[in-house]
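Undergrad: One structure follows; several queries about it will come next.
We did not get these values from a lab; they are worked out from the coordinates using the rules stated. All values derive from a computational prediction rather than experimental measurement. Cβ coordinates were reconstructed from backbone atoms using ideal geometry, including for glycine residues, and neighbour counts include every protein chain displayed.
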Ligand code: SF4
């Protein structure tokens, strides 16, 4: 759906191919207006790269519906264009994500190429793709480029993780963390940062990040000797597979209401779209990965990275939708 139609229809039930929002909550545009919040860019400091939708897992909370049977993957030409753009614009942070970025055939070139042009290269991993028996070289490459690894580990419970993500995924994830620790990741003084991310496994908002971090730190160390640096709890965004699951299970309205009740205008200043530009596997630009999933391009028109001159300017309006409630619930998303 075009962005303009999307906005015009925001006070009705809104339907895209993947998403139906509820008439029970106020349109996000209205809540922004009520709080006098403008939704414009500050300085853009982060280039996020979505290498594609191919993934070894099919998680229920995935806003991109990534999975083993997806074919979308960044090709060599686009990967080179991304590196060229990064070389000219020298972002403070470059954030590689997917799908499972490990499964992109050009990932080694992207890591080595992008690592030259930023002081902080981030790599998002579901851990099982990193520990699939073929990626020990990739772990070493990430270490050599001082990449920050942001790893998702939704639960400390083996059966819960395996039922959500697949057989033996939990054991493989723990083994991946142990391997990363043995390379120096997550160890005091190594300057190799290993951060963990947890998403709720149902139609509810995340628990207190502080308490969850304490539990993860204690349990992972006591049971498996694993250490890490930072821990983040993120709310699931009602798009893609998660949105479909919410609808099918009859939880969509109640989940959106939880997000709307938890709306925190103070979180608006910290949302990632204020400082991030997201490039998809086909080179198209978005204000964030969620807008990519929702089909809402940056500046409300398709722009290819090869046509982008410089960084987006401060003050440029950000494209948004009702899914943005997920970024501003409680203390915020990003
Ligand atoms: S989904 Fe979040 S990061 Fe993306 S535009 Fe909305 S508020 Fe910003």
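Undergrad: Among 155-162, 275-282, 72-79, what's the highest-first ranking by average C-beta atoms within 10 angstrom per residue?
TA: Sorting 155-162, 275-282, 72-79 by mean packing, highest first, produces 275-282, 72-79, 155-162.
Undergrad: Can you show me the helix-derived [θ] at 222 nm for the chain, built from DSSP H runs with n ≥ 4 at -39,500 (n - 2.57) apiece and divided by the number of residues, rounded to the nearest 500.
TA: Mean residue ellipticity at 222 nm (helix-derived): -9500 deg cm²/dmol.
Undergrad: Right, here's the next one. Taking neighbour Cβ counts within 10 Å as the exposure measure, how do 61, 35 sort from fewest upward?
TA: Fewest-to-most ranking of 61, 35: 35, 61.
Undergrad: Using alpha-carbon positions, what is the distance between the centroids of the range 245-269 and the range 166-186, in Å?
TA: 32
Undergrad: What number, in percent, do you get for the relative contact order of the range 189-296 if the mean sequence gap of Cα pairs under 8 Å and at least 6 apart is divided by its residue count?
TA: 24
Undergrad: Using the number of other C-beta atoms within 10 angstrom as an exposure proxy, rank 109, 272 with the fewest first.
TA: 109, 272
Undergrad: Classify the range 238-296 as rounded, prolate or oblate, taking a ≥ b ≥ c as the square roots of the eigenvalues of its Cα gyration tensor: rounded when a/c is under 1.5, otherwise prolate if a/b is larger than b/c and oblate if not.
TA: Here the range 238-296 falls in the oblate category.
Undergrad: For 288, 55, what ranking results if the residue with the fewest other Cβ atoms within 10 Å of its Cβ goes first?
TA: Going from sparsest to densest Cβ surroundings: 55, 288.
Undergrad: Between the range 44-82 and the range 108-151, what is the C-alpha centre distance in whole Å?
TA: 15
Undergrad: Could you tell me the relative contact order of the chain? Use alpha-carbon pairs under 8 Å, at least six residues apart, and round to a whole percent. Intermediate results must be reported in sequence, preceding the final value.
TA: Working: 664 pairs, mean separation 81.8, N = 334.
Normalised by residue count, the contact order of the chain is 24 percent.
Undergrad: Here's another thing I want to ask about it. If packing is taken as the mean number of other Cβ atoms within 10 Å per residue, what is the order of 194-200, 324-330, highest first?
TA: With the highest mean Cβ count within 10 Å placed first, the list reads 324-330, 194-200.
Undergrad: If N is the number of residues in the chain, what value comes out of its Cα radius of gyration divided by 2.2 N^0.38 Å?
TA: 0.96
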